[in-house]
Structure formats: structure tokens, C-alpha cells
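Notes for the one structure printed next.
What follows draws every value from the coordinates through simple rules; no lab data is involved. Nothing here was measured: the structure is a model prediction, and the numbers come from that model. With ideal geometry, Cβ positions are generated from the backbone for all residues, glycine too; neighbour counts draw on all protein chains shown.
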Amino acid sequence: MNSDLSEQTVLSVEHLQMQFATRGGVLKAVDDVSFSVRRGEILGIVGESGSGKSMTAYSIMRLIDAPGKIVGGRVLLDGQNLLELPEEQMRRVRGKRIAMIFQDPMMTLNPVLRIDTQMIEALRAHQSLGKAQARAMARDALARVGMSAPDERLLAYPHQLSGGMRQRVAIAIALLNRPELIICDEPTTALDVTIQGQILNEMQTLCRESGTALIWITHDLAVVAGLADKVCVMYGGKIVESGAVQQVLEQPRHPYTGGLIASSPSRNRRGQPLRQIAGAMPSLAELPSGCPFRTRCPHATAICATMPPVELQGQHMWRCFHPLQQTTGAMHG
Amino acid sequence: MDKTPPLLELCEVSKRFAQATDFADRIVRRLRRQEAQAAQAVLAVDCVSLSIRRGEVVGLVGESGSGKSTLGRIAAGLHAPSSGTRRWKGEALDALRAGERRRKQLGIQMIFQDPYASLNPRLRVQDIVGEAPVAHGLIAAKQQAEYAADLLQRVGLDAALARRFPHQFSGGQRARIGIARALAVQPELLICDEAVAALDVSIQAQVLNLFMQLRDELQLTYLFISHDLGVVRHIADRVLVMYLGRIVEAASTEDLFARPQHPYTVALLEAAPTLAVKKIDFHPLQGEMPSPLRPPSACAFHTRCPHAMPVCAERVPELKEVAPGHFSACHLDDQA
Amino acid sequence: MASIAADIETPLQAFLRQFRASRMALLGALVLLIAIAAALLAPWIAPQNPYDLAQIDILDARLPPGAVSPEHGTTYLLGTDEQGRDMLSAILYGMRISVFVGLTSTVVALAIGLVLGLLAGYAGGRLDALIMRVADIQLSFPSILIALILLAVLGPGLGKIVLALIAVQWAYYARTARSAAIVERRKEYIEAAVGLGLPPSRIVFRHLLPNCLPPLIVVAALQVASAISLEATLSFLGLGLPVTEPSLGLLIANGFNYLLSGKYWISMFPGAALLVLIVAINLVADQLRDVLNPRLQSL
């Protein structure tokens, strides 16, 4: 692998802030989020619903509508700040340089158009191609994502395909214009385990081969464990821990990460109560000051009412006044 | 050996969903002198037998299209089976009249997957929980508020919230309300249909712990339907694996996870993501689950099975005991 | 226990708050309330009872708005018609009839359509097919035609008109209720109710009905305007109420001949009143539809 290219940072998000203005006040959906992804690298963003992970992705793509607004930070794609681009240029970036795949493939696919129509349209929006040429490229793209009988599938309508196939079409569309970065928002959550396994395998191969960077957003730590190189754990709109996957999973520092790992059934003895995190994630309107996790954290003290500073150990980052020390990362209580 | 009959018994139960041809369609066919089209049928559940003993937690595992949800609903009495019998405490239920059956199967309750759609949005939580026991005469109407409050506390909710509406609660809290509603009629068997699938990971652990706690406190029996193998492994005593309407493997939890026999079970276990950090370099199962409208001949799995043999397309493999208490439906076992 | 809505809002309060968000709808609601109040209080606030032949003086006929009666000295604010009736009083009484007819026929048609639609949606099968075919057949005829035929058979009169309007309208409600019932029936809370052993009648009326109501309320609001309009049309055609108890439609008809000869007020004012009434109802109905539409609601 060309070491020069692999060092190249494709996306760098710096102190991104996105807020919603509501009747009840300002909600900080994305609060000071920073991370970066290199060519061919897979970054996992892990969080539960309400953690801000999806909002981060939409902010990067600038798909935020009022009452939401990006209020701070930079999003550098190959050094260029996307937040400063006029909308016309941003439109050219979307689909061509950054592609997005959603949990529901019907967010990508138009139910009344045939698959080939949609794929050809996606291609010709960013490149000048003849129809026949575009069609050939579409067919190849379907074959590459593991679709059986691609010629037949091209003629089908979305409702004639199963959920797994639709998602494959969405992935194929994302890959069509050879983007530098693909953002996937829980694309396999609604799919069967065996289909998920296939798609994860395919995505990994595709990224390695084409050097595309990948951001995979999920609530499932296990998916990230098998797929990603790096991981960011989000809670209450903030990144509470990030680093190489192996390190974060084996040596979690933040009590939330530790709690998530500890509550997984595979880490608990059969028949014993699962170790659990008490309480529930507060809604954005009820986030506590300082560390968002402190209302549920058994280690929380008064100082946690102020935001913990970033602590760094090599690539491993966490924000906690009382990080976990034990090697197993187990959480008590 | 326990001689009492199993709590719930399904004998060779099948469920066929037929889409009867439209009246207009029939006329058109007549006019065109075409043959009357046989109603398109989906065999969601194909000749399944299972029995659940009191106090057990039986896990039912399968992917979408496997028929596990339909089987769960047949067990709960929400769907009538197309063939086969269902026995509750030794008594065949489907021959009874509707009113009588409703009364007798009150002891079987279902916990649903979607915490949003499973609560009536127009009723207060107190009424959601307390309606059925009053309607069945288990408690007097004026005791409803107290009874509901008690149940809410039992499932870990603040009883002061009883007069609120479902939309004012989070997903995890709604799941608990659904559990309280089921408990209100004093059931003996709870059928959990993907009851934790829609919940956040940290809430999942809480609700699973609640299930286990209730099992001990109230001597409940569970049929736990899930696609999540990790969860099933933790909570179930016995596991059944379904594929396209049939049970392909059945064993105790330890046996199934340690020594899976059926190729589908093996593939499922391999595909399930685990927290062990390993770069996936395995060979995933190819293909997709076939459409139930056009199931493969004989063994439904042979189209995707890495060990398929000619006989697999000709004869349906029987569910045989391949080890004590361990059943598998595969022709590979014939050669032993 | 976090994540609970800070303010405990009952569905009714939430509904009122969302409704208030639109100024147009509030205006419409206000006008509607005034119209209904005026209609209800007509016997007390109208200067004259236009149905009492003793109070009408033919010598006051066709006086322009603001004219003073040479005989009695009363001021006719909106003029008089060709029989000497005070237009203002006639309009107030006419609105009374319009509102009464509109509301009554809508409410009864709603009730009938709701029950039939729910049964059709919940039971399915033959019952569903039967009810829906009857509704379809009826809906394929223009409502005026059905009303005319019924009135020809039943004869004129207020009660007969209400009956005719009910017969015309029930099918809309039945169809809407059935669609809503089919959607709701599949939801898990209905399955849960079945699993809890509740009898079907209870499930239909206590669980299904309240959740099928929102789209029906929207249809009802729009249909009130439609019913009022239909009644006015029938009266205009002379098939509605008797001449001695004119509704707005009949008033418009009576003055029709005078429109071009300068005595515009005999048709124009009742027409304007009818227009304002219907527009107000439509404004309210529009906002109702937005508020009650589950897709547009922010959870």
C-alpha cells in the first residue's frame, strides 16, 4: 500500500457545533465534535438514539434545515471547508465526493422509478456520459456490491426487491461516482444478520480496494468491532471517547463506553443479571451541564458539572475526570 | 421426570396465508377463458411442533421470513393455525368457542416489538394497564388506579406518571408499560416478540434484567422470539432455530452455541457480530432467504447451503435427535 | 426517570395550541362563532321576525339598504325584499336554518358512516365488501341528483332536507372511517387488546374508534360547508324549504330577478352571508386537517 496516500486525511471535522432553536430553548445536538478519517480508513461512530451521531453526519453533508443550524467549527474535505461553500458547489460535492447511505434505503430510492433510471440519473448528474455508457457502469456497480443477476435487477422497481437488495442498490449508487468518502447511517440495522454479514464484508473489501474512506454510524459496538479501524463514542451530542477500535474496546476509559461493553450479553455470565447502566439518556432539552453522562455515572462527583478536558494517550482520547483504570474496563453497579 | 403436561403445546401447526383472488380478477379470467388461478399462498409456518414446560425460557431464533413471529402469534392465540392443534395446560383451545377461548388463554400474553405502536395513544397509561383486569373481573373498577400504580412500580416506573399518555414517555419506558399491561392479567406464559429489538443498547440490558427478575418473582414462563443470538444465549434455557417456516434445529442453549449442527445455525453464529475485535475475514453465507411465495423444494436451505447434496432438493429432512436433547433437520446427519 | 415531557399537556391542550398557530384559522373560527351565535340568538336580536306575516308590510317592499320605512319609521339596515321583509332579519334566520341543517346532517351522517366504516374495516370480508359497494354506488351519483330524487319522493320540509343530506353524506364518512380502521387494525395495540381477551365490541368502540376519529373530523368540517351549500342549492332550485321560511338559498333565489335592475341587495347580502359562512368553515377545516394530520405533527 502506498504509504503516502494512506496518510492523507480525507475528512477532518474540527469542533463542529450544530443547534436546534425550539420553543423551549436552544438544543445542542452536536457539541464540539472533532475527528478525522484517512484514505481507505473506516471510522465507526457509536451512540444510542439521541446521542447526535446522525446529526453529525447530516451536518457534514449540510443537510440541516431550520430550525437546525450549524453554528461553529470546520468540516475540511481535502483541506477545503465545506461549511463555507455556496450551496451550488456543495451540491456538486454531495454524491460526487461524499456519498451517504441511510438506514432506510427508501430514503435513497424513488419508489416510482426503475433502478436503472435512478442509477443513470445519479451518474449523469455529476459526469457527462452517454446513456449506454452510464448503463454499463451501473451494471458493473451492481455486480460489485454482490447483487445477483444485475441485468434483471436494473429493470426492477424498488418494491420488487427485498430490503437487503435495496440497500445494496443504495450502496451501489453511493459508489457510482467514486466518492472520496462514504457516510453510512445505520445501513444494516434493519437487515437480517446474514445479510448484514455479507454487506459488512463487501463494504470492507470495497474500501480497501478503492481507497474510499468510510464513516459507519451505528448503535451496535459489535458491528464496529469487526469492521472499523477507529471508533468515536458519542453521548448527548459530544464525543466522550475515541481511538483505535482495539484499544477502546479492550481498554475503555470513559464509564459510558465501559458500561456499554459491560452490558453486552456476551460479556456477562449466562443467567446472571446483566450489568446495566442506570437511568436513560436525557433528551437534548434536559442535558446536564458539563459531562452529559454524569446523571447516570456511578463515579460522578461535583467536578463533573464542568466539561472534562480532552485527555490523550497516543490515538486514544477521552473526556472524563474519573476514567476507568481496570484492564477489563468492567463497570460496577 | 416431570409428568405434568407441558404448559403450552403446539402439535404440527401450520399457517397458510392465502391471497384470495379478487372478484374482478375472477370475472376477467372467466371472460378470457383462463384457468382459475389457485390462490397465492404463503406457508408461513410449516408443520411445527413445540412444547414449553412451566418455568422454562424457550428462545426462538430466526431471520425475517422465518415465520417466528407468526408462530409466536399462533402460540398466543392471535392467529388461528391452518392445521395442527394448540394445547394450553393439556386442553385443546381451538375447538372452543371464541368467548371461552378468550377466557382460557388469558394466561398467555404477548409483549410486542414496537414500543410506539403497541400502546393506544388515546388512553392514559393507567387505563392501558388497568382496563383488561377490570373487564375480566379480576379486580373491581375502583381498585383500578391502585392496581395499575402497583404494576408500574413493579416494572420500574414511577407510579405518579400513571395518568400520562404514551407519547410522553421514552421508548424504554413504553416497553415497560407494555410489560405492565401484560402482567396485569396475571399471565403464566409471556411471549416476547422481539421485545427488546427496538430499544437502545443500554435500555435493552435493563429490560432483559427486568424479564429475568419477573421470572423469578412471578414464576413466569417465556417464549422469547429474537433475531439477536447474544440476547437469546443469555436468557434462554432452550433454543429453537427457524428457517422459512420450519424448525431446523432445537437444543439446550449451551449445546446449540457450543456444538451447532445445522449449517444454517452455523452460518448464523458466524455472521453474528461480536465484541471480539477481529477483522472480518470469514466467508459469509451467500444469497438471500428465498421468498416464501416460491420456497425451494424439500430442504428450504439447500439453495444457500455450502454442504448441499442432491438428496437435499428431493426429500424434506426430518427433525431428528442427533445428540441427547439436541435435534437437527439435515441430511448430513443421515450419514452418521 | 428522565425524558418525560416537562409540561403535562393533555391531547386537547396540545390540539388547541397547534390550532392557534394559524391566524387565518383563528379568524375563520371567530367568524364562525359569530355566525353561530347570531344564528342561535336570531329570535332575540333580529329587528323583525321575517316569518311572521303580520310583521311584514308589503308597502315596505324593495327598499334600499339604510332606508327608513315611511309607515313605521324603522330603519332597514340591509334593505327589504320584494315582500317587505327586513333583509337583516331574513339573513339571520336564514343562517339559523343553514347552520342547523349543516350541523345536524353532518353529525348524524358522521355517526352512521363512522359505525358502518369501522365495522367494514374491522370485520373485513363480506361485510366490508357489502358496505363498500353500497357506498361506492352511491358516491358515483352526483349528490344533487340523489338529493333531488329523495326530495321528490319525500316531499318538502326541513326534516326531509336533513334526511336527504344525511343520505347523501354518510358514504364519505364510511369510506374514510374504513380506511382509517384498516390502518389502525394492524397496529400492535389492537393486537394487544385482542390478546388481552377484550370482546370485539369493546375493541372497536374503545380502541379503534378514538384513533380513527381525526381524519373523520377533518372530513366532517369540510362537509358541513358542503351540506350548507347543497341545502342552499336545493332551496335556490325551489325544492327546499317552503317560501314562508326562507333559507339563505331561497333568499338568493328570490332576489335573482332583481340583480340587474339595480336592487342588488336582495340577492347580494344573503349571498355574501353564505359565502362568509362557508369560507370561515373551510379555513377552520384546513387548519384542523393540518393539526390532526399525524405526518405533519412533530412528536
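Things worth noting here:
- Residue-span extension gain [C:Ala111 to C:Leu33] - 0.36 nm each, minus C-alpha spacing: 25.8 nm
- Note on the stretch B:316-336 and the stretch B:189-210: Cα centroid distance 32 Å, given to the nearest whole angstrom.
- 10 Å Cβ neighbours from other chains, averaged over peptide A:269-282: 6
- Peptide-level mean, for A:260-267, of C-beta atoms on other protein chains within 10 Å: 6
- Label point of B:Asp150 set 7 angstrom out along Cα-Cβ; within the stretch B:178-200, amide nitrogens under 16 Å from it belong to B:180-187.
- Anchor B:Lys68: lysines whose Cα lies under 26 Å away (excluding residues fewer than 8 positions away in-chain): B:Lys15, B:Lys89, B:Lys104, B:Lys320, C:Lys187
- Relative contact order, percent, chain A [alpha-carbon distance under 8 Å, six or more residues apart]: 21 percent
- Three-way shape label, the protein assembly as shown, alpha-carbon gyration tensor, a/c 1.5: prolate
- Efficiency of FRET from Cβ geometry, C:Leu59 and A:Glu87, R₀ 56 Å, rounded to 0.05: 0.15
- When peptides B:110-117, B:245-252 are ranked by their average number of other Cβ atoms within 10 Å per residue, the highest-first order is B:245-252, B:110-117.
- Taking packing as the residue-averaged number of other Cβ atoms within 10 angstrom, the listed peptides A:31-39, A:248-256 run from highest to lowest as A:248-256, A:31-39.
- Projected label distance in nm at B:Ile27 and A:Asp151, using a 7 Å step from Cα toward the beta-carbon: 4.1 nm
- Chain C: relative contact order in percent, alpha carbon pairs under 8 Å with at least 6 residues between: 23 percent
- Shielding of peptide B:161-169 by partners, expressed as the average count of other chain Cβ atoms within 10 Å per residue Cβ, is 4.
- Sum of side-chain charges, C:Gly121 neighbourhood, beta-carbon under 14 Å (Lys, Arg +1; Asp, Glu -1): +4
- HN-Hα J in Hz across the stretch A:283-295 - Karplus 6.51, -1.76, 1.60, θ = phi - 60°, x for Gly and Pro: 5, 4, 6, 10, 5, x, 5, x, 6, x, 8, 5, 6
- Between the alpha-carbon centres of the stretch C:66-141 and the stretch C:238-282 there is a gap of 15 Å.
- Under 5 Å between amide hydrogens, built in the peptide plane, is the criterion, and for B:Arg54 it picks out B:Leu7 among residues at least 5 positions away or on other chains.
- Shown is the FRET efficiency for B:Ala159 and C:Tyr51, computed with R0 = 56 Å from the Cβ-Cβ distance and rounded to the nearest 0.05: 0.35.
- When peptides C:222-228, C:88-94 are sorted by average Cβ neighbour count within 10 Å, with the highest value leading, the order is C:88-94, C:222-228.
- Site pair C:Val183 and B:Arg16 shows an inter-label distance of 3.4 nm when each label is modelled 7 Å from Cα along Cα→Cβ.
- For chain A, calculated [θ]222 nm from helices alone, where every DSSP H run of n ≥ 4 adds -39500 (n - 2.57): -9000 deg cm²/dmol
- Charges were assigned to the Cβ only: +1 to each Lys and Arg, -1 to each Asp and Glu. The resulting dipole of the stretch B:8-236 about its Cα centre is roughly 780 debye.
- Difference of contour (0.36 nm per residue) and Cα-Cα distance, A:Gln133 to A:Thr189: 16.8 nm
- Nearest-20 debye value, the protein assembly as shown charge dipole, Cβ charges on Lys, Arg, Asp, Glu: 760 debye
- Under 20 Å from the B:Glu217 label point (7 Å along Cα→beta-carbon), backbone N, the stretch B:94-126: B:107-112, B:125-126
- Normalising the average separation of contacting C-alpha pairs (under 8 angstrom, six or more residues apart) by the number of residues puts the relative contact order of the stretch C:133-241 at 36 percent.
- Reduced Cα scattering model of the stretch B:263-336, Debye log10 I(q)/I(0), q = 0.11, 0.27 Å⁻¹: -0.35, -1.29
- Selected from A:Gly52, A:Ser242, A:Pro273, residue furthest toward positive end of dipole (chain A; charges at beta carbon): A:Pro273
- Take the Cβ atoms of B:His307 and A:His159, set R0 to 25 Å, and the FRET efficiency comes out at 0.15.
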